[in-house]
Amino acid sequence: MSLESPNAATETGTGTDVANAMPRVAYNEIAGRNVERIAALSDGLFAIAMTLIVFEIRIPDTAGITTDQQLIDALVPLAPRFLTYLLSFLTLGIFWNGQQTQLNSMARANRDFAWLSLLFLATVALFPFTTSVLAEFFDLRLALGLYWLNIFATGMAILACWVYAKRANLLRDDQDHVDVAIRRRITTAQTLYAIGLAIGLVFGTLPAVVFIVVIQLNFAIAPRIWILHRI
């Protein structure tokens, strides 16, 4: 004689039916969907990188410095480090602004976009190192080439993020029109950076860095200069 409750089969069946009725979702389909979390991580990493680069400007040895002229003489050799700091700060600021522009156009993210963003941030995290190399070996073309390679990798990473976001339909419905503007800005900037590298290989690091800084200042203030507005 069975001692099972008469409702056992029904309860079991009902539980099975409910379990089967629940949609099955793969982990990869729900991971990395929060755009705000990506933005928060990016802000923190950019802040750290932009702080670390200033450490390359070291206070000179104060022993024997007792007059203003002696202090000036000690600070003059730091000029390349100040210039390198300005270069890197502007570079990071431009990339930060570019990423924020992309994220502001997005309705959502997904796992693949999150990992592409991490790849982009990995290249950003290298800037304190390449800045240090350029500041320490300012006159060497290899140091300039390494720095340009960092810029190129970061540019390709941020472009990959945007291309993927558009293809994966992660953008807001009213943002399709910004695609051309974002792609044009990235490709134009990378072209000008490559010209800067060419100048450095031919004429030396100083003219190249000055050229790039001028271009970056243009990107930073161009909206206020009508003749440069469309560059």
Given Trp115, Leu41, Tyr193, which one lies farthest toward the positive end of the charge dipole of region 9-228, if we put +1 on the Cβ of every Lys and Arg and -1 on the Cβ of every Asp and Glu?
Tyr193
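Can you tell me how region 9-228 classifies by the Cα gyration tensor, rounded, prolate or oblate, using a/c under 1.5 as the rounded cut?
Values: a/c = 3.19, a/b = 2.14, b/c = 1.49.
The shape class here is prolate.
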Here D for region 39-139, in µm²/s, from Stokes-Einstein with a Kirkwood Rh over Cα pairs at 37 °C and 0.692 mPa s, works out to 210
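Rounded to the nearest 0.05, what FRET efficiency do Arg172 and Val202 give with R0 = 35 Å and r taken as the Cβ-Cβ distance? Could you check? Before the final figure, lay out the partial values.
Working: r = 45 Å, r/R0 = 1.28.
In this case the efficiency is close to 0.20.
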How many nm separate the modelled label positions at Ala63 and Ala160, each set 7 Å beyond the Cα in the direction of the Cβ?
4.9
Contact order relative to length for region 9-228, counting C-alpha pairs under 8 Å separated by 6 or more residues, stands in percent at 25
What are the ³J(HN,Hα) couplings of region 46-55, residue after residue, when phi is run through the Karplus curve with 6.51, -1.76, 1.60 and θ = phi - 60°? Round to Hz, x for glycine and proline.
4, 4, 5, 4, 6, 7, 5, 5, 6, 5
Calculate, axis by axis, the spread of Cα positions in region 60-114 along the three principal axes, and write the results as whole Å, longest axis first.
60, 17, 14
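When a/c reaches 1.5 or more, the comparison of a/b and b/c decides; with that in mind, is region 121-174 rounded, prolate or oblate per its Cα gyration tensor? Let's see the in-between values first.
Working: a/c = 4.96, a/b = 3.43, b/c = 1.44.
It is prolate, given that a/c is not under 1.5 and a/b is the larger ratio.
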Compute the separation of the alpha-carbon centres of region 79-122 and region 143-201 and state it in Å as a whole number.
10
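Computed from the coordinates by the stated procedures, all read-outs in this text should not be read as laboratory data. From a predicted model like this one, the values you see are computed outputs, not experimental measurements. FYI the Cβ positions are ideal-geometry reconstructions off the backbone, even for glycines, and counts take in every protein chain you see.
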